[in-house]
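What follows is a short report on a single structure.
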Amino acid sequence: MPEQVSSNDFVSGPGEGQDDPTGRFLKTGLVLMAGAMVGFLAPLALFFTDMFPGGPPTLEAQYILKDIVLATAAMVIAARALGARMVAAREAV
């Protein structure tokens, strides 16, 4: 009879079952992804009028915006893997 597998066997926390338990490569990747964001934003800063010629964004602008969204999502996932947490803001009394 095959061994039963639970859903928890596929989910591991930071450092559990990863090739790099120290997070060194994850931190390096996060820095590289931040550098790539500069490259993704450069065409929007340099060629803004070409990307948005008075109407809806061109296909090039949509492609750049997609890259920014994907890179931002990757940075959030990496930050979460490094231990970042969302904390509710306290109300001023």
* To do: May I ask you to list the residues in the range 63-93 that are more than 17 Å from VAL31 (Cβ to Cβ), hydrophobic (A, V, I, L, M, F, W, C) and assigned to a loop (DSSP other than H, G, I, E, B)?
  => MET86, VAL87, ALA88, ALA89, ALA92, VAL93
* To do: Residues being at positive phi and in contact (Cβ under 8 Å) with a residue 12 or more places away in the chain: count how many of those fall in the range 22-73.
  => 1
* **Failed criterion for LEU30 (all others in (1) touching a helix residue (DSSP H, G or I) at 6+ places or on another chain (Cβ under 6 Å); (2) modelled with pLDDT of 80 or more hold)** => (2)
* Subset of the range 38-62 [loosely packed, with under 15 Cβ neighbours inside 10 Å and assigned to a helix (DSSP H, G or I)] -> VAL38, GLY39, LEU41, ALA42, ALA45, LEU46, PHE48, THR49, ASP50, LEU59, GLU60, GLN62
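The values are calculated or read from the model by the stated rules, or taken from the named source; none is laboratory data. In this text the structure is predicted, and so the values were computed from the model without any measurement. Neighbour counts run over all protein chains shown; Cβ positions are idealised from the backbone, glycine included.
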